[in-house]
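Chemist: My questions all concern the structure below.
The values are calculated or read from the model by the stated rules, or taken from the named source; none is laboratory data. Predicted model, so just to flag it, every value in this text is computed and none were measured. We place every Cβ from the backbone using ideal geometry, glycine too, and count neighbours over all the protein chains shown. Just so you know, the surface numbers come from the protein's heavy atoms only, side chains and all, with ligands and any DNA or RNA stripped out. Shrake-Rupley method; radii C 1.70, N 1.55, O 1.52, S 1.80 Å.
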Amino acid sequence: MIETFKHYRDFIKNALDSDRFGRGSRAQLADHLGVQNSFISLVLSGKQDFSLEHAIKIAEFMNLSSDETEILILMIQRDRSGSQALKKQFQKMIDRWAEKRNEIRNRVKRESKELSESELNEYYSDWLHTAVHMAVRNEHLKDASMIASSLGVETKSVRHSLDVLERLGFIEKNKNGW
């Protein structure tokens, strides 16, 4: 979520103002960082910057993932940079991280498509659909006949399950198989 913010200050303000931290969140952060409340105010108003050491402690305080921590560090480095060229370089690094996270998020969205009750019924109506679904994850099972052989069923039945799985969005055909 941090990558949706243009500046780390906005991300921190948003997080501190959320219900997650409750009242006195800025004072709690200041205490965690070992700084005065006024320093937090100076940073969040844009008059000062956090150090990289602060970034690590902020990530700990906010329980950020390792990816989010790296983005926070890059944002702070970008904002502390003395030249436009260095700022641009850090921004490119941030953009690459955001792009990578969006790719993963989009892939997960596709994989976690909500199914209707009838689609769920169809998927669970035959044990073979689930078995084929798991079998296509095996890189050695490239086609319907190999899957059928490994499961001890007819190839025609596996082809039907592959069709069902593809229609439901669980699998897709590529040049290497399913």
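Chemist: Would you please name the residue that is nearest to LEU16 (Cα to Cα), looking only at residues in the range 56-74 that are touching a residue at least 24 places away in the same chain (Cβ under 8 Å) and open to solvent by less than 80 Å² (accessible area, probe 1.4 Å)?
Modeler: MET62
Chemist: Kindly check whether there is at least one residue in the range 75-93 that is surrounded by 15 or more Cβ atoms within 10 Å (Cβ to Cβ) and at pLDDT below 90.
Modeler: Within the range 75-93 (the criterion being surrounded by 15 or more Cβ atoms within 10 Å (Cβ to Cβ) and at pLDDT below 90), the answer is no, since none of the residues qualifies.
Chemist: Output the number of the condition that PHE50 fails; it satisfies all remaining conditions of (1) more than 23 Å from ARG101 (Cα to Cα); (2) modelled with pLDDT of 90 or more; (3) open to solvent by 40 Å² or more (accessible area, probe 1.4 Å).
Modeler: Of the numbered conditions (1) more than 23 Å from ARG101 (Cα to Cα); (2) modelled with pLDDT of 90 or more; (3) open to solvent by 40 Å² or more (accessible area, probe 1.4 Å), the odd one out for PHE50 is (3).
Chemist: State whether the residues of the range 112-133 include one that is under 19 Å from the mean Cα position of the chain (by Cα) and either surrounded by 14 or more Cβ atoms within 10 Å (Cβ to Cβ) or without any contact (Cβ under 8 Å) to a residue 12 or more places away in the chain (or both).
Modeler: Yes: the range 112-133 contains one or more residues that are under 19 Å from the mean Cα position of the chain (by Cα) and either surrounded by 14 or more Cβ atoms within 10 Å (Cβ to Cβ) or without any contact (Cβ under 8 Å) to a residue 12 or more places away in the chain (or both).
Chemist: Further, regarding this structure: Report, ordered by the first and then the second residue, all pairs with beta carbons closer than 7 Å, sequence separation of six or more or different chains, a first member in the range 23-34 that is more than 13 Å from GLU60 (Cβ to Cβ), and a second member that is open to solvent by 40 Å² or more (accessible area, probe 1.4 Å) and part of a helix (DSSP H, G or I).
Modeler: Within 7 Å, the pairs are ARG26/ASN37; ALA27/ASN37; ALA30/ASN37; ALA30/PHE39.
Chemist: Turning to a different aspect of this structure: Any idea which residue in the range 8-33 is farthest from ILE71 (Cα to Cα), counting only those that are open to solvent by 70 Å² or more (accessible area, probe 1.4 Å) and in a loop (DSSP other than H, G, I, E, B)?
Modeler: Only one residue tops the list, namely ARG23.
Chemist: With respect to the numbered conditions (1) in contact with a strand residue (DSSP E or B) (Cβ under 8 Å, 6 or more places away or on another chain); (2) surrounded by 16 or more Cβ atoms within 10 Å (Cβ to Cβ), which one is the sole condition not fulfilled by ASP143?
Modeler: That leaves (2) as the condition not met.
Chemist: Within the range 156-178, how many residues are in a helix (DSSP H, G or I), open to solvent by less than 40 Å² (accessible area, probe 1.4 Å) and not small (Gly, Ala, Ser)?
Modeler: Adding up the residues that qualify gives 5.
Chemist: Oh, and also: I'm trying to understand the selection: among the residues of the range 34-47, which are on the phi > 0 side of the Ramachandran plot and open to solvent by 60 Å² or more (accessible area, probe 1.4 Å)?
Modeler: GLY34
Here's the yes/no breakdown for (1) farther than 13 Å from LEU74 by Cα; (2) under 26 Å from the mean Cα position of the chain (by Cα):
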residue: PHE21; (1), (2): yes, yes
residue: ALA27; (1), (2): yes, no
residue: SER38; (1), (2): yes, no
residue: ALA55; (1), (2): no, yes
